[in-house]
Amino acid sequence: MKKFLESLHDLHVKAHVVKDETETREVLRRILSDEGSKSVVVAGVPDRYAGAVRAALIGLRADVVEELSGRPQGEVIGILAGADAGVTWATNGVALEGAILEVVYDDSAKLASSLPILHVALLESSSIVHDLVEALPIVGDIVRSSPPERKPIVSFISGPSKTGDIEMRLLYGVHGPHTVHAVILDWR
């Protein structure tokens, strides 16, 4: 875990380790408040953690991507584009590279992590692997086990959006999330 936290820091990701539902709710609420978020989209959060997330979002406009299914595409894109923050589930953390592995099966879920200015990724502490050598077989298993009609969108998220300009300066937050938080769930 220590190496993962160091790597996240080096990539400008703000990491938070939480021990239970109360801490999870409080940390999420504080992140969203500090960033001035008023509208949030949520994608892929497992039932075990959904209560803490819902409780953290009280008072905010919140939409769950999975509940948007069946609505017109333009409406869904409008909701995603209008959100200040995206709260999403990460399959794994990759300690050495400081990457967050996201696997989704729907473009809307992918947009929840890549379109809002603030991205908060939730992941379990037990899902952190040492490096890409350990992560890539996990990705391979996910791709192989997915039925042809439900292929995954796999992303390794390595911090806020960044780009280098012609003067070789690295700029953060040019497109996509300006700020990324990783909330590491170390529930017992």
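The values are calculated or read from the model by the stated rules, or taken from the named source; none is laboratory data. Since the model is a prediction, treat every value here as computed from it, not as a measurement. Cβ sites come from the backbone with ideal geometry, for glycine too, and all protein chains shown count toward neighbours. In case anyone asks, the SASA skips ligands and DNA or RNA and just uses the protein heavy atoms, side chains included. Shrake-Rupley method; radii C 1.70, N 1.55, O 1.52, S 1.80 Å.
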(request) Among the aspartates and glutamates, select those whose C-alpha is under 18 Å from the C-alpha of Lys3, and discard any that sit fewer than 8 residues away in the same chain. (result) Glu97, Glu124, Asp131, Glu134, Asp186
(request) Over 23 Å between C-alpha atoms is what I'm after, so list which of Lys19/Lys151; Lys38/Lys110; Lys38/Lys151 land there. (result) Lys19/Lys151; Lys38/Lys151
(request) Just need the relative contact order of region 1-93 here, percent rounded to a whole number, with Cα pairs under 8 Å and 6+ apart. (result) 34
(message) What are the ³J(HN,Hα) couplings of region 91-99, residue after residue, when phi is run through the Karplus curve with 6.51, -1.76, 1.60 and θ = phi - 60°? Round to Hz, x for glycine and proline.
(response) 5, 8, x, 10, 4, 4, 8, x, 9
(message) Among the complete DSSP H segments of the chain, which ones combine at least 15 Å of alpha-carbon extent along their axis with a mean Kyte-Doolittle hydropathy of -0.5 or more?
(response) 132-145
(message) Accessible area per residue for region 2-185 in Å², computed with a 1.4 Å probe and the full protein assembly in place, what is it?
(response) 50
(request) Enter the mean projected area of the convex hull around the alpha-carbon atoms of region 2-185, in nm², rounded to one decimal. (result) 11.4
(message) About the Cα centre, and with charges only on the beta carbon of Lys, Arg (+1) and Asp, Glu (-1), how big is the dipole of the chain? Nearest 20 debye, please.
(response) 200
(request) Using a Förster distance of 22 angstrom, determine the FRET efficiency expected from the C-beta separation of Lys2 and Val133, and round it to 0.05. (result) 0.70
(message) Relative contact order of region 2-185, please, whole-number percent, based on alpha carbon pairs below 8 angstrom and at least 6 residues apart.
(response) 28
(request) Would you compute, from DSSP H runs of 4+ residues alone, the mean residue ellipticity of the chain at 222 nm, taking -39500 (n - 2.57) per run and dividing by the full residue count, rounded to the nearest 500? (result) -10500 deg cm²/dmol
